[in-house]
Amino acid sequence: MSTSVTASPAKSTAPKLRTPRKKHTPGKPKRNVLLTVLMGLMVLYTVVPLIWLVINSTKTQTGLAESNGLWFAHDFALWDNVRDTFTYHDGIFGRWLLNTLLYVVLGAGGATLLAVLGGYALAKFDFPGKRAVFAVVIGAVAVPGTALAVPTFLMFSKMGLTDTPWAVIIPSLVSPFGLYLMWVFAAEAIPTELLEAARMDGASEVRTFFRVALPLLAPGIVTVLLFTTVATWNNYFLPLIMLKDPDWYPLTLGLSAWSSQAQTIGGDVIFNLVITGSLLTILPLIAAFLFLQKYWQSGLAAGSVKE
């Protein structure tokens, strides 16, 4: 008796192919909802005050009281406000503008020059006490400027320099953060071999600095110049304790004096001129950032990537 065995078809055991994951391409970054929301809130926090400033600079004193802060009034008085700002109180606003430009050119410009020279020397020269200088610079960066205002006032009062423009210009020449930034930037941006080649060709240290190092430091110089310019332009506390004569006020202190007139008996209420003056004050800074934006961004990114 023969038995036949019928083989049953074997079940397929081949593994199933997985759906390949979607690879992240460098050109298309992943979206993060939380970061997008936070960035949107930061944009609103930054832009809304500017929008409010622009809108309210078009209103008269009556329009400021009768209209919504984020919408225009029935009258458009921007050009009248600009004219009145420059002509009020014998044109003192123009004097404050020139004072601010003076403090920026001498103070911020001098601070940038000293930061460039000091940063280059600290980055490319070895000398005794370099570690101590580094510790002092880092410590000076951590000290707020307001903490040094009162000692600076006492020192300048002994020297008879208070209530003069030098009381604002000389302290502005010291920028520990600018010095540190130029130190780091010069260490990364200037190859030591390039300096040695220039010296072997017979170039002096001065010529090596101006012909070789200085062009390479241009992005860092612009970055430091922007930081010191903004710090000097917006400086309020130091002129407040150093200056008494309104003819030497910067814009920040002058606009604050105009705003305080409403709190004095018989003082003029000129909030429309204060708002318009504030708008005129920030326009040069906005223009500087827009014009020097590419240098500013490259200066901040310098040294972030190692080859």
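Each reported figure results from applying straightforward, stated rules to the coordinates on display, with no laboratory input. Computed from a prediction, not measured in an experiment: that's the story for all the values here. Positions of Cβ are generated from backbone atoms using ideal geometry, with glycine treated the same way; all protein chains shown enter the neighbour counts.
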key: Entry for Rg/Rh (Cα atoms, Kirkwood Rh) (calculated from the structure that is shown) out of (i) 1.24; (ii) 1.05; (iii) 0.93   = (i)
query = Given DSSP loops and a limit of at most 15 other Cβ atoms within 10 Å, what is the longest stretch of the chain that contains no such trypsin sites (Lys or Arg not before Pro)?
reply = 32-243
task = Name all residues of the stretch 64-96 having a backbone nitrogen under 20 Å from the label point set 7 Å from the Cα of residue 264 along its Cα→Cβ direction, giving them as ranges.
result = 85-96
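Could you work out the helix-only [θ] at 222 nm for the chain, with each DSSP H run of four or more residues adding -39,500 (n - 2.57) and the total divided by the number of residues, to the nearest 500 deg cm²/dmol?
Working: 15 runs with 192 residues, N = 307.
Helices in the chain give a 222 nm mean residue ellipticity of -19500 deg cm²/dmol.
Does the stretch 16-160 come out rounded, prolate or oblate, given a ≥ b ≥ c as the square roots of the eigenvalues of its C-alpha gyration tensor, rounded meaning a/c under 1.5 and, failing that, prolate meaning a/b above b/c?
Working: a/c = 2.82, a/b = 1.03, b/c = 2.75.
It comes out oblate by the Cα gyration axes.
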note = Distance in Å, no decimals, from the C-alpha centre of the stretch 118-183 to the one of the stretch 243-273 is 31
message = For the chain, set up a GNM with springs between Cα atoms under 10 Å and report which of 264, 162, 192 has the largest fluctuation.
response = 264
query = To the nearest 0.05, what FRET efficiency results for residue 71 and residue 293 with a Förster distance of 35 Å applied to their C-beta separation?
reply = 0.70
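Once fully extended, how much extra length lies between residue 148 and residue 206, figured as 0.36 nm per residue of separation less the alpha-carbon to alpha-carbon distance? Display every interim value, and only then the final one.
On the way: separation 58, 0.36 × 58 = 20.88 nm, distance 3.43 nm.
My answer for the length gained is 17.5 nm.
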inquiry  = For the chain, set up a GNM with springs between Cα atoms under 10 Å and report which of 180, 45, 249 has the largest fluctuation.
reply    = 45
key: Spin-label pair residue 117/residue 32, simplified geometry with 7 Å Cα→Cβ offset, distance in nm   = 4.4
ask   = Quick one: if you stick a label point 7 Å off each Cα along the C-beta vector at residue 286 and residue 52, how many nm between them?
value = 1.6
query = For the chain: lysine pairs with Cα atoms under 22 Å, gap of 8 or more or different chains, count?
reply = 4
inquiry  = Show me, for the stretch 162-168, the HN-Hα J-couplings you get by feeding each phi into the Karplus relation (A = 6.51, B = -1.76, C = 1.60, θ = phi - 60°), rounded to Hz, glycine and proline as x.
reply    = 5, 6, 10, x, 5, 5, 9
key: the stretch 72-123: C-alpha gyration tensor shape, a/c 1.5 cut-off, then a/b vs b/c   = oblate
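Let a ≥ b ≥ c be the square roots of the eigenvalues of the Cα gyration tensor of the stretch 223-279; is it rounded (a/c under 1.5), or, if not, prolate (a/b larger than b/c) or oblate?
Numbers: a/c = 3.44, a/b = 1.74, b/c = 1.98.
Because a/c hits 1.5 or more and a/b fails to exceed b/c, the stretch 223-279 counts as oblate.
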query = In the stretch 127-168, what chymotrypsin sites (Phe, Trp or Tyr not before Pro) fall in a loop by DSSP, with at most 11 other Cβ atoms inside 10 Å?
reply = none
